[in-house]
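The values are calculated or read from the model by the stated rules, or taken from the named source; none is laboratory data. Owing to the predicted nature of the structure, the values given are computational and were not obtained by experimental measurement. Methodologically, a virtual Cβ is constructed for each residue, glycine included, from the backbone with ideal geometry; neighbour enumeration extends over all protein chains shown.
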Amino acid sequence: MKNLKCLFLLIAVVVLSSHNRQKGIRHDVTDSLTWSDFKARADRGSKFAANTSSGFNYNASMVGDSMRIMLPTIFNPRESWVKKKQKSAYLLKHEQVHFDITELFVRKMRKEILSQKYTLKKFNKSVAKTLKKYSKETNAFQNRYDKETKHSIDKEQQKKWNELVQKSLKELEDYKNPILMVGVKV
């Protein structure tokens, strides 16, 4: 389960390109996931009931003397699955929090990107460093989430995590917009 998430996030950082052709679901345009969003065939050999694959897209282009950055959080339906007999609203909420955690760290990326000053020469390298840093942090946080909730089995911990992630998203509400404009010195 974690290998797929880590791989997806790593690909997003290394490739640094848009995956819109995969028909991902953007966090900023959906209130919540539904089980119909999970399109991949369930891994019958897995001890887990579901898998959420999420990451981000990155695209930057010059607009005058600024860089227009698209940095949306994406849920990948083609790599996300659920075992039919284990579907429940409770499990769906656990999977939603995985997606929300990804959004939380993308908001941190956006905040850091907006706080820096750039030259055209060093722009790509600087942004790539930020994306890589927060991708690693996302993976560690996702793993901690599953460990502490025991993959949603510990209901008390699950409740705490639900609240923590929602509170953290609210604190970074100013960085919800996936479109960033940053000045770049030539």
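Of the residues making up the range 139-186, just one is surrounded by 17 or more Cβ atoms within 10 Å (Cβ to Cβ), among the polar types (S, T, N, Q) and in contact with a Ser or Thr (Cβ under 6 Å, 6 or more places away or on another chain), namely 158. Among the criteria (1) in contact (Cβ under 8 Å) with a residue 12 or more places away in the chain; (2) charged (D, E, K, R); (3) closer than 20 Å to residue 166 by Cβ, the one residue 31 does not fulfil is (1). Among residues of the range 150-177 that are modelled with pLDDT of 95 or more, those with a Cβ under 8 angstrom from a residue that is surrounded by fewer than 14 Cβ atoms within 10 Å (Cβ to Cβ) and hydrophobic (A, V, I, L, M, F, W, C), sequence gap 6+ or separate chain, pair up as 175/114. Against the conditions (1) at pLDDT 95 or above; (2) within 28 Å of residue 173 (Cβ to Cβ); (3) touching a Ser or Thr at 6+ places or on another chain (Cβ under 7 Å), where does residue 8 fall short? Just the number, please. (1) is the only condition that residue 8 fails.
Entry remark, the range 85-138: residues being acidic (Asp, Glu) and surrounded by fewer than 18 Cβ atoms within 10 Å (Cβ to Cβ) number 2 in total.
Residues 103, 112: which one is farther than 16 Å from residue 54 by Cα, among the charged types (D, E, K, R) and in contact with a Ser or Thr (Cβ under 7 Å, 6 or more places away or on another chain)?
Values: 103 fails: farther than 16 Å from residue 54 by Cα.
Just a single option satisfies the conditions, and that option is 112.
Just give me the residues in the range 61-84 being within 26 Å of residue 111 (Cβ to Cβ) and surrounded by fewer than 18 Cβ atoms within 10 Å (Cβ to Cβ), in sequence order.
First, the residues of the range 61-84 that are within 26 Å of residue 111 (Cβ to Cβ): 61-76.
Hits for the range 61-84 are 61, 62, 63, 64, 65, 66, 68, 70.
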